[in-house]
Amino acid sequence: MDLIEFFGNHTFRMVFLGTSVIGLVAGALGSFAYLRRQSLISDVVAHSALPGALLAFLTAVVVLGVNGRNMLGLIVGAVATGTLSALFANAIAARTKIRIDTAMAISLTFFFGAGMLLLRVISDGSFPGKGGIDDYLFGNASVITIADLVTSTAVGALALLLMLVFWKEFTLRTFDPVLSTVLGFRAGLIDTLMFTTIVIAIVIGVKAVGVVLMIAFVVTPPAAARQWTRTLPGMVALSGVFGGIGSGFGAYLSIMLGNVPSGPVIVLVLFAIFLISLLASPRRSVITTALHRARAREALRRALLAEGTDR
Amino acid sequence: MSFILGTSLLAVVTALACALPGAFVVLRRNAMLVEGIAHAVLPGIVVGYALTHDLNSPWLIVGAALAGLLVVLGNEWLIRTGLVTGDAPQGLLFPALFAAGVIFITLDFSHVHLHTHVVLVGDLNLAAFHQLSVNGVSIGPRYLYVMLAVLAVNVAFITIFYPKLKVTTFDHQFATVLGMRTRLLNTSFMFLVSVTVVTAFHAAGVILVISLLVVPAAIAHLISRRLSVMLVLTALFAVVGALAGFWIAYALNAATSASMAVFFGLLFIAVAVIDALATRVRRYRRAGHAGIKGLLVRPPHEEAERLDGSSPAPSPQAAE
């Protein structure tokens, strides 16, 4: 199949655009999570989005009597439980002697376990539109509708807009939290805003990528982008580009391969981008470091030898 | 042995086998690394199954455990390069490995009949399906004996290396100064955790394995001040949780491992809340007051601490 044929197909176009938007938004906003060293909390949020997405499905089907898979309901539910899980983990770490990594594991298994129970309830019951509901686990980009695409693009754009509007505050809070507080910025408010944008970036991917692998979309592009750039705007932009292009290409590959969920393929593509960046970026990478070291060693050896012959 | 007895025994043994090394995982702050291991063993299991066609084969267990160890060693390597900051190294490797595992499964690469669903939550009843019998008398599921063996190895490892584990866990620098090979010990311990994860995977799935490893130990950590006490309490909570989760799931016809994960989460919340209340009452009594009012009124010295501008959170010494 060539590219013209690929983009001529409505489903393929939706898959490509949908995953690219997710990759772009998650990559750009993930940069802040990366720089604040809070990458793993994204994993907790993503897993914990499952019960929220399923509760939204149940509410829509049983109470409202509408399509259970509508994107807006999913986003609202997933943001709610995702945020709750992060607050829960932080509360455990702040109020007990349990440390944050254990607290995150407790929160993750608790919320995800609840989600798996709900999944069982839904698949045992007779709810309209429940077929393929476990796509929320690993994602299925081929069920993205135009309405979904519009909603996730709008919500993702809103998150990116928030980032641009509060760019100065986010930057200051990320790199110098003390100065930011001294200058009178409200730390709690900025943290909440920043965290909300990251949660949004995570949950818009639930339908197409699934909750289990969403962490890769938030962590991998920033880690790759960091190897190529030294400025924050450069990093956010490059991370977004890596996320967007990697996701689009991964989606294309998964369609070419046939019966393969798009999420895992995209994750592997993103990982490949990261590996290349880590090993061979010209500025900071494993190979560059090794070359520098070898050169420095050689220079030192020569200097010592020269000193020896002078005497 | 009846099916229900065999299966509930299996639940208890699996919980114990995971929870005991879990106590050290919690104390060594490796909980999220275990989350990585639990995801990363998947491709190892699928490839191992393609080669051995037996989920309980020792070759498969060791091979898949090596895939889990890849996350531990890769994490250390990424940190050493100095190119990736914060907790990101832990989040980079395991999604890629897990993704590879999922792709292997969906491509039906090895004809392993694993539903991706089962990968996440396991299936205790399916795991217990293959029964062993001696002279025509059923002696329980075959898998029970595999888990018993892992439990025995874990108990043996913890018993033999107890002093070393203790020193490296609580004072890593001191252990290094003493000349202990801390990295070797850490890697072997993580390998053992990985082996445990792989064997328990069948019954518990990725998510419950993490829950079993971390949460009983965390609950015990809340209310114990000595390592030996913590280990005993961890085992106790693991058994209670396994039985409760099993019977709740049985009564509600729900997935066993998901019920256990939720039950452990609720148990953690209950113990944390009770412990906090008890601490508050104790402190209030010591301050010269008595009665249930201590639950409702903030102790006076804590107010004073606040006015000093110091942290309102009670320090462990203050709680004592």
- Note on the structure: Matching residues in the stretch A:105-138 (under 22 Å from the mean Cα position of the chain (by Cα), farther than 30 Å from B:GLY22 by Cβ and assigned to a loop (DSSP other than H, G, I, E, B)) number 1
- Going by the structure shown, is B:LEU126 surrounded by fewer than 21 Cβ atoms within 10 Å (Cβ to Cβ), modelled with pLDDT of 85 or more and away from every other protein chain (no Cβ under 12 Å)? no
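Restricting the search to the stretch A:29-76, which residues are under 22 Å from A:LEU119 (Cβ atoms), without any contact (Cβ under 8 Å) to a residue 12 or more places away in the chain and of a type outside the set (Val, Ile, Thr)? Don't jump to the end; show me each part of the working.
In the first step, residues of the stretch A:29-76 are kept if they are under 22 Å from A:LEU119 (Cβ atoms); the result is A:42-76.
Filter once more, so that each one left must be without any contact (Cβ under 8 Å) to a residue 12 or more places away in the chain: A:63-66.
Residues satisfying the conditions are A:LEU64, A:GLY65.
Quick check: is even one residue across the stretch A:199-211 at positive phi, buried (at least 16 other Cβ atoms within 10 Å of the Cβ) and modelled with pLDDT under 90?
As a first pass, look at the stretch A:199-211 and keep what is at positive phi: A:210.
Remaining after also requiring buried (at least 16 other Cβ atoms within 10 Å of the Cβ): A:210.
This time we only want the ones that are modelled with pLDDT under 90, so: A:210.
Checking the stretch A:199-211: at least one residue is at positive phi, buried (at least 16 other Cβ atoms within 10 Å of the Cβ) and modelled with pLDDT under 90.
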- Residues within the stretch A:54-77 that are assigned to a loop (DSSP other than H, G, I, E, B) and surrounded by 20 or more Cβ atoms within 10 Å (Cβ to Cβ), tallied: 2
- Task: Please go through the stretch A:36-53 and pick out each residue that is surrounded by fewer than 24 Cβ atoms within 10 Å (Cβ to Cβ) and either of a type in the set (Val, Ile, Thr) or at pLDDT 90 or above (or both).
- Result: none
- Query: If the Cβ limit is 8 Å and pairs must be 6+ apart or interchain, which residue in the stretch A:1-28 that is over 14 Å from A:ALA157 (Cβ atoms) pairs with which residue that is loosely packed, with under 15 Cβ neighbours inside 10 Å?
  - Reply: A:MET1/A:MET256; A:ARG13/A:PHE7; A:MET14/A:ILE146; A:PHE16/A:PHE7
- Residues that are more than 9 Å from every other protein chain (Cβ to nearest Cβ) and closer than 15 Å to A:PHE16 by Cα, drawn from the stretch A:260-281: A:SER262, A:VAL269
- In the stretch B:58-102, the residues that are among the polar types (S, T, N, Q) and at the interface with chain A (Cβ under 8 Å from one of its Cβ atoms): B:THR81, B:THR85, B:GLN90
- Item | Filter result for the condition that a residue is buried (at least 20 other Cβ atoms within 10 Å of the Cβ), touching a Leu at 6+ places or on another chain (Cβ under 9 Å) and either among the basic types (Lys, Arg) or within 16 Å of B:SER8 (Cα to Cα) (or both), over B:ALA258, B:ALA244, B:ALA272, B:ALA220 | B:ALA258
- Item | All positions within the stretch B:28-58 that are surrounded by 24 or more Cβ atoms within 10 Å (Cβ to Cβ), of a type in the set (A, V, I, L, M, F, W, C) and over 30 Å from B:THR168 (Cα atoms) | B:ILE45, B:VAL46
- Message: For the stretch B:242-253, check the following and say yes or no: at least one residue is outside any helix (DSSP H, G or I) and either within 14 Å of chain A (Cβ to nearest Cβ) or touching a residue at least 60 places away in the same chain (Cβ under 8 Å) (or both).
- Response: yes
- Search the stretch A:29-76 for residues being within 20 Å of the chain's Cα centre (by Cα) and polar (S, T, N, Q), and hand back the single one that is nearest to the other protein chains (Cβ to nearest Cβ). A:SER39
- Have a look at A:TRP167, A:TRP228 and point out the one that is in contact (Cβ under 8 Å) with a residue 24 or more places away in the chain and among the hydrophobic types (A, V, I, L, M, F, W, C). A:TRP228
- Query: Does the stretch B:224-241 contain any residue that is closer than 25 Å to B:PHE98 by Cα and assigned to a helix (DSSP H, G or I)?
  - Reply: no
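What are the residues in the stretch A:268-311 that are charged (D, E, K, R) and either surrounded by 12 or more Cβ atoms within 10 Å (Cβ to Cβ) or within 28 Å of the chain's Cα centre (by Cα) (or both), if any? Steps first, please.
First, pick out the residues of the stretch A:268-311 that are charged (D, E, K, R): A:283-284, A:293, A:295, A:297-298, A:301-302, A:307, A:310-311.
Scanning the stretch A:268-311 gives A:ARG283, A:ARG284.
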- Query: What are the residue pairs meeting all of these: first residue in the stretch B:207-229, first residue closer than 15 Å to B:VAL197 by Cα, second residue acidic (Asp, Glu) and outside any loop (DSSP other than H, G, I, E, B), Cβ atoms under 7 Å, and 6 or more apart or on different chains?
  - Reply: B:ILE210/B:GLU35
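Counting only residues that are closer than 18 Å to B:LEU212 by Cα and more than 15 Å from the chain's Cα centre (by Cα), which one in the stretch B:268-281 is farthest from the other protein chains (Cβ to nearest Cβ)?
If we filter the stretch B:268-281 for residues that are closer than 18 Å to B:LEU212 by Cα, which is where we start, we get B:268-272.
Within this subset, residues satisfying the condition of being more than 15 Å from the chain's Cα centre (by Cα) are B:269-272.
On the way: B:ILE269: 8, B:ALA270: 12, B:VAL271: 10, B:ALA272: 5 Å.
Selected residue: B:ALA270.
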- Query: Mind checking which residues of the stretch A:236-267 are within 16 Å of the chain's Cα centre (by Cα) and surrounded by fewer than 23 Cβ atoms within 10 Å (Cβ to Cβ)?
  - Reply: A:ALA237, A:VAL241, A:GLY244, A:ILE245, A:GLY248
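Kindly check whether there is at least one residue in the stretch A:78-93 that is within 30 Å of B:MET32 (Cα to Cα), facing chain B (nearest Cβ under 8 Å), in a helix (DSSP H, G or I) and without any contact (Cβ under 8 Å) to a residue 24 or more places away in the chain. Quick ask: steps written out before the conclusion?
Taking the stretch A:78-93 and keeping what is within 30 Å of B:MET32 (Cα to Cα), we get A:78-93.
Filter once more, keeping what is facing chain B (nearest Cβ under 8 Å): A:92.
From the residues that got through so far, the ones that are in a helix (DSSP H, G or I) too are A:92.
This time we only want the ones that are without any contact (Cβ under 8 Å) to a residue 24 or more places away in the chain, so: A:92.
Looking through the stretch A:78-93, at least one residue is within 30 Å of B:MET32 (Cα to Cα), facing chain B (nearest Cβ under 8 Å), in a helix (DSSP H, G or I) and without any contact (Cβ under 8 Å) to a residue 24 or more places away in the chain.
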- Query: Restricting attention to the stretch A:96-121, which residues are surrounded by fewer than 19 Cβ atoms within 10 Å (Cβ to Cβ) and more than 7 Å from every other protein chain (Cβ to nearest Cβ)?
  - Reply: A:VAL121
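So which residues in the stretch B:158-205 are among the hydrophobic types (A, V, I, L, M, F, W, C), assigned to a helix (DSSP H, G or I) and free of Cβ contacts under 8 Å to residues at least 60 places away in the same chain?
Matches in the stretch B:158-205: B:ILE160, B:VAL167, B:PHE174, B:ALA175, B:VAL177, B:LEU184, B:LEU185.
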- Query: Would the stretch B:46-63 turn up any residue that is assigned to a helix (DSSP H, G or I) and of a type in the set (Ser, Thr, Tyr)?
  - Reply: yes
- Query: Does the stretch A:194-201 include one or more residues that are without any contact (Cβ under 8 Å) to a residue 24 or more places away in the chain and assigned to a helix (DSSP H, G or I)?
  - Reply: no
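The values are calculated or read from the model by the stated rules, or taken from the named source; none is laboratory data. These figures come from a predicted structure and were not determined experimentally. Every residue, glycine among them, receives a Cβ derived from its backbone with ideal geometry; neighbour counts consider all protein chains shown.
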